[in-house]
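Working notes, structure below.
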Amino acid sequence: MPQTQGRERRLLVNQVKMEDIISLCKRRGFIYQGSDIYGGLSGTWDYGPLGVQLKRNIMQLWWRRFVDERDDIYGVDAAILMNQKVWKASGHVDTFVDPLCEDTVNHRRYRTDHILKDNGIDADGMTMAEMDAAIAKKGIKSPDGNPLSRSRTFNMMFKTHVGATESEDSISYLRPETAQGIFTNFKNVVDSFYPNLPFGIAQQGKAFRNEIAPRDFVFRSREFEQMEIEYFVDPSKWQEAFDELLAATHAFLEELGLKPEHIHELDVPPEDRAHYSKKTIDIEYDYPIGREELMGIAYRTDFDLMNIQRVSNKSMEYTVKGTNTKFVPHVIEPSFGVERALMAVLSSAYREDEQNGEKRVYLALPEYLAPVKFAVSPLLKNKPELVEKAREVYAQLAKANPGRVMWDDNGNIGKRYRRQDEIGTPHCVVIDFQTLEDDTVTVRERDTTEQRRVSINKLA
């Protein structure tokens, strides 16, 4: 195939639209509506072949940066179902609530703060009484135009029972966060490894929240994944640890391909922080839905370990090596939501341009995040000699890049390029008749659309 240079490329849009991302995700096998064939289940999402790989690439990058490449952070994988005492001690049973209001005609339920936000009112820091007063003053109605009830609290934990009988003793909950599984294993890790302070425990895994009104695609759903660290420190040295983890967080976000100008730090004021936090920085991102929280880092003091000590009657003190000094460590918590990171990555990578009078959509994903690194194609799928050679090249690349190589012979070469662009594949490798002569292939680059001849043995 001949090289092509100087193609007309013109940026069409700067503002990514959420509906465009959602359409691409379904069309190309990233994300589907959960239980779609049966009419769906609100707030649940299924990840297709490309979505699974993209999520794993994000999670593996996080694990590599925060666990594998550090000698002060240990990984765990705690159970999803936990003793109910965990959630009583943590305060979730009593305080893990959202304000709920109801359409008085059709009885549809909404988060009161979301109703206010949709009507241009920031409800952060408001009490339920203040939110109700704001609704009354502005004459705000439900989305269906009906009056709204007064607000009440709604506990977001999914309750279940463990065992064959249902009783108060058999109650358990699907975990609403992964953090408590880390805290309950603090003593286990100390006893097994006796690490020096400061040290952290990290976990990735599913969490569940019975959201009143899931919304904004995967941004707010009932089932999601978290990546969390509880970093245990000497109380006198918490600020140093906080600053280091904040810097590491920014470095990770840069690796995700997120532009610094779209990332913002919010120093959460005392009245808006969780009751256990003495300092919280929310990292916000300019999503297509607006500026929203991407992740947070909080100084949780000794709240969690002291609660465990109080309820379990077991000491959570750490003994400094070589001394008789004992104290309950304080905690710095960087908490990431995988789906929010994925949504930021997709919105940051989404591009539209124009080539030779035609619109092109592509995902400018960093190569190490792209679900597919190479797509391999015979120029013509009805030529056995090209197909055979293409299969050899495919096998060679697949062995060197497990799970990151796709075979693509569907449609003409232009359609294949467009499809791979939307997937975010950095390199399309095409086997043509010249390949049979000199063992070189055409490699077409996603971002520039430039094509070059490369020797097969130099393909990475």
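Any read-out appearing in this document is the output of simple, stated calculations on the displayed coordinates, not a laboratory observation. Note that the coordinates shown come from a computational prediction; the quantities given were computed from them, not determined experimentally. Ideal geometry is used to build each Cβ from the backbone, glycine not excepted, and the neighbour counts take in all protein chains shown.
Which shape class, rounded, prolate or oblate, goes with the stretch 238-294 when its Cα gyration tensor gives a ≥ b ≥ c as root eigenvalues, a/c under 1.5 marks rounded, and past that a/b bigger than b/c marks prolate?
Judged from the Cα gyration tensor, the stretch 238-294 comes out oblate (a/c at least 1.5, b/c at or above a/b).
Going by average Cβ neighbours within 10 Å, how do the peptides 185-192, 265-272 rank, with the highest at the top?
Put in order of decreasing packing, that is 185-192, 265-272.
Please give, to one decimal in nm, the separation of the simple spin-label points placed at residue 380 and residue 17, each 7 Å out from Cα toward the Cβ.
4.1 nm
For residue 312 and residue 398, compute 0.36 nm times the residue count separating them, minus their Cα-Cα distance, and round to one decimal in nm.
Gain on extension, residue 312 to residue 398, equals 25.8 nm.
Taking the simple approach of a point 7 Å from Cα along Cα-to-Cβ for both residue 237 and residue 106, what is their distance in nm?
The modelled label-to-label distance comes out at 5.8 nm.
Roughly how many whole Å is it from the C-alpha centroid of the stretch 270-317 to that of the stretch 166-195?
With the stretch 270-317 and the stretch 166-195 each reduced to a Cα centre, they are spaced 17 Å.
Place the peptides 220-226, 67-73 in order of packing, highest mean first, counting for every residue the other Cβ atoms within 10 Å and averaging per peptide.
Taking the mean over residues of other Cβ atoms within 10 Å, the ranking is 220-226, 67-73.
Please work out whether the stretch 216-360 counts as rounded, prolate or oblate from its C-alpha gyration tensor, where a ≥ b ≥ c are the square roots of the eigenvalues and a/c under 1.5 means rounded, while otherwise a/b larger than b/c means prolate and anything else oblate?
The shape class here is prolate.
So for the stretch 65-147, considering every pair of alpha-carbon atoms, how many percent are separated by more than 22 Å?
Percent of Cα pairs beyond 22 Å in the stretch 65-147: 52.
In percent, what relative contact order does the stretch 372-458 have, based on Cα pairs under 8 Å that are 6 or more apart in sequence?
Averaging sequence separation for qualifying contacts and normalising by length gives 31 percent for the stretch 372-458.
Quick one: if the Förster radius is 45 Å, what FRET efficiency do residue 164 and residue 41 give, using the C-beta to C-beta distance and rounding to 0.05?
In this case the efficiency is close to 0.95.
Using +1 on the beta carbon of Lys and Arg, -1 on that of Asp and Glu, and nothing else charged, what's the dipole of the stretch 212-282 about the Cα centre, debye to 20?
Charge dipole of the stretch 212-282: 300 debye, to the nearest 20.
Quick check on the exposure proxy: order 315, 236 from fewest to most C-beta atoms within 10 angstrom.
Final ranking by Cβ density, sparse to dense: 236, 315.
Using 0.36 nm per residue of separation minus the Cα-Cα distance, give me the extension gain between residue 412 and residue 65 in nm, one decimal.
Additional length available on full extension: 120.8 nm.
Past 32 Å, Cα to Cα, is the threshold; run 26/278; 88/141; 55/458 against it and keep the listed order.
Pairs exceeding 32 Å: 26/278; 88/141.
For a 20 Å ceiling on Cα separation, which of these pairs sit above it: 159/187; 383/415; 237/279?
With Cα atoms farther than 20 Å apart: 159/187.
Checking the a/c ratio against 1.5 first, then a/b against b/c, what shape does the Cα gyration tensor give for the stretch 372-458?
Rounded, because the longest to shortest axis ratio a/c is under 1.5.
Magnitude of the Cβ-charge dipole of the stretch 372-458, K/R +1 and D/E -1, about the Cα centre, nearest 20 debye?
260 debye
If I take R0 = 60 Å and measure r between the Cβ atoms of residue 210 and residue 354 in this structure, what FRET efficiency does the formula 1/(1 + (r/R0)^6) give, to the nearest 0.05?
Between residue 210 and residue 354 the formula returns 0.85.
Work through the residues other than residue 211 whose Cβ is under 13 Å from its Cβ and net out their charges, Lys, Arg +1 and Asp, Glu -1.
Summing Lys/Arg as +1 and Asp/Glu as -1 gives +1.
Find out how many positive minus negative residues lie around residue 89, taking Lys and Arg as positive, Asp and Glu as negative, among other residues whose Cβ is under 13 Å from that of residue 89.
+2
Residues of the stretch 89-103 with the amide nitrogen closer than 15 Å to a label point 7 Å from the Cα of residue 171, along Cα-to-Cβ, please.
89-97
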